[in-house]
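Reviewing the structure listed below.
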Amino acid sequence: MSVNEFEHTLDSNQLLKALPRDVLRRMSSGLELVDLKMGQVLYEASQPISSVYFPTTAVVSILCVLENKDSAEIAIVGNEGMLGVFLFMSQHASPSFSVVQATGQAYRLDADRFNSEFYRAGPLFKLLLRYIQALITQMTQNAVCNRHHTLDQQLCRWLLLSLDRVQGNQLVMTHEHISEMLGVRRVGVTVAAGKLQAAGLIQYHRGKILVLSRAGLEALVCECYPLVQYEFECLLGSQSG
């Protein structure tokens, strides 16, 4: 792969794309493009973080898992972000699980190599502090949404956030998996998805959700989705800051 082709591939992740080329060149020898499979666990709670990931086409869920094995998604990360942020927050272990939600690829970088660039306190440092703000906004809105908004609205939010992070308008996802992400009963997801399908907004068949009308989902979703979307747009719109 030529230098130009390599840099073009790096642009598939919005954080890497936002970095100056001299920073990318210092990191490039340590960046490895890896395949991530649906269901693959990148981090387990309380386990050391040995690498960070910058997704290009993969989508990853950050989950809180209880002692009884019940779980709920606290954030979703795709090509707009990175996994392993607790590494530079004075924690060398993840307090949560990170599980691949959609098969794809990501750039993996060794923790030591990442830290050597981050603690230069240069462009990577400044960019990732802004990213943390956007990620915290997503986590906050998810918590508020799960407590105060209807399951129909939660499902619309989750579909839109997932759709933002995949190519095309199809999600490979069962109702059971969505219920685990939202921390609700499967039957509730089935009913909510049935309403969206009856309205002609989605089509569900054998674990695949085809979004027929994004505008329709946006019309039904609560304010949590546009707030999160705005925060990430601000992040990626201030690359030179």
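Looking only at residues that are aliphatic (A, V, I, L, M) and more than 15 Å from Q101 (Cα to Cα) in segment 66-91, which one is farthest from the chain's Cα centre (by Cα)? Applying the filter and picking the extreme gives L66. For segment 112-159, the tally of residues that are among the basic types (K, R) and in contact with a Phe, Trp or Tyr (Cβ under 7 Å, 6 or more places away or on another chain) stands at 1.
Being surrounded by fewer than 22 Cβ atoms within 10 Å (Cβ to Cβ), of a type in the set (S, T, Y), assigned by TED's automatic domain parsing to the domain that holds L83 and closer than 21 Å to Y225 by Cα is a description that does not apply to T103.
Considered as a group, the residues in segment 212-235 that are touching a helix residue (DSSP H, G or I) at 6+ places or on another chain (Cβ under 6 Å) and in a loop (DSSP other than H, G, I, E, B) include one that is nearest to T137 (Cα to Cα), and that residue is C222. Looking only at segment 12-45, filter to residues that are modelled with pLDDT under 90 and not in a helix (DSSP H, G or I); which one of those is farthest from the chain's Cα centre (by Cα)? The extreme case among them is S29.
Does segment 130-149 include one or more residues that are in contact with a helix residue (DSSP H, G or I) (Cβ under 7 Å, 6 or more places away or on another chain), charged (D, E, K, R) and within 15 Å of L24 (Cα to Cα)? No: zero hits. Within segment 55-65, the set of residues being over 10 Å from the mean Cα position of the chain (by Cα), crowded, with 20+ Cβ neighbours inside 10 Å and outside any loop (DSSP other than H, G, I, E, B) comprises just one member, L63. Within segment 67-78, residues that are hydroxyl-bearing (S, T, Y) reach partners that are assigned to a strand (DSSP E or B) with beta carbons closer than 8 Å, at six or more positions or on different chains, in the pairs S71/L63; S71/C64; S71/V65; S71/F97. Number of residues in segment 6-46 that are of a type in the set (S, T, N, Q), out of contact with any strand residue (DSSP E or B) (no Cβ under 6 Å at 6 or more places or on another chain) and touching a residue at least 40 places away in the same chain (Cβ under 8 Å): the value is 3.
The values are calculated or read from the model by the stated rules, or taken from the named source; none is laboratory data. In this text the structure is predicted, and so the values were computed from the model without any measurement. Positions of Cβ are generated from backbone atoms using ideal geometry, with glycine treated the same way; all protein chains shown enter the neighbour counts.
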